[in-house]
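Student: There's a structure below that I have some questions on.
Throughout, read-outs are computed from the coordinates displayed, never taken from laboratory work. Owing to the predicted nature of the structure, the values given are computational and were not obtained by experimental measurement. Cβ placement follows ideal geometry from the backbone for every residue including glycine, while neighbour counts extend to all protein chains displayed.
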Amino acid sequence: MVIKGILVSSLAPFENHMANNGEKLLGNASSIKRRPDGCVYISGQMQRHVLFTAMARLNEADPNKGKTFVSNGDGVTNKIESDLRADMGGFMHPSKGDYSGRRTAPLSVTPAIAMSESEVGRDLLVRLKIDTNSESKEQALATKEFSQYDLMKMNFFLDVTSLSIHKGFVYENGFNVAAAYSKHASEVERKRRAKLFKGHKTKCNKMEDDRK
């Protein structure tokens with residue numbers, strides 16, 4: 001059987017966490033992201049960030065990584081053969097002016113959402129005024145929201161048929177008449193990248209624990 005895609009679904013417990021903070025909806029307070037039904041969530045963008053950070057660490061520890069690397073999110077290359085973020089996360093280089101400047105991501109991520117309504121509290125933060133100089137900043141009070149406990153559901157999917165493979169389009173007189181495929185990595189390397197994706201979850205859980 002040929003595997004077309006890999007779906008990783010997870011339920012992860014979070015305790016006394018801030019998920020990823022939202023906008024300051026309460027004025028001078030860091031508010032936690034939550035849906036109208038009261039369930040806190042972690043955005044898909046943050047999930048992607050944690051995923052690629054975990055994959056970068058796993059890749060660096062792999063003796064078979066060769067010249068592969070994970071580029072920074074603000075400077076993704078178009079080197080599918082070596083940049084794992086470009087391969088799995090896709091890229092958009094509009095200055096290229098043609099199809100070689102874009103890639104649809106084979107990897108997709110859903111937000112992590114609490115399975116039930118969250119119990120949110122607030123932590124008081126105080127900046128003490130130690131300097132008696134009248135020009136120094138005044139003593140400041142602020143609050144940060146946190147959620148007591150949540151069981152978070154999240155999903156990660158990898159389209160194996162597009163992993164390390166580029167799809168191009170052939171046009172004649174303005175009509176798309178064919179598709180052309182080019183492979184940018186060997187089968188051994190494609191399997192290694194798929195294993196990095198499957199193995200990222202354990203690393204992500206450890207990183208989430210470190211963030212709480």
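Student: Please compute the modelled spin-label separation between residue 144 and residue 35, points set 7 Å along Cα→Cβ, answer in nm with one decimal.
Tutor: Each label point is offset 7 Å from its Cα along the Cβ direction, giving 2.6 nm.
Student: Could you give the length gained by full extension between residue 2 and residue 191, i.e. 0.36 nm per residue of separation minus their alpha carbon distance, to one decimal place?
Tutor: 66.8 nm
Student: Still on this structure: Report the calculated FRET efficiency for residue 16 and residue 102 (r = Cβ-Cβ distance, R0 = 30 Å), to the nearest 0.05.
Tutor: Given R0 = 30 Å and the Cβ-Cβ separation, E is 0.10.
Student: With a 10 Å radius around each residue's Cβ, average the other Cβ atoms per peptide and rank 50-57, 153-160, highest first.
Tutor: 50-57, 153-160
Student: Further, regarding this structure: Of 65/167; 144/195; 65/153; 4/33, which sit over 28 Å apart, Cα to Cα?
Tutor: 144/195; 65/153; 4/33
Student: Could you pull out every residue, at least 5 positions away or on a different chain, whose amide H is within less than 5 Å of the one on residue 17? Hs are placed 1.01 Å off N in the peptide plane, and Pro or chain starts have none.
Tutor: 147
Student: Sticking with this one: Under 19 Å from a point 7 Å along the Cα-to-Cβ line of residue 120: which residues of segment 139-156 have their amide N that close?
Tutor: 142-153
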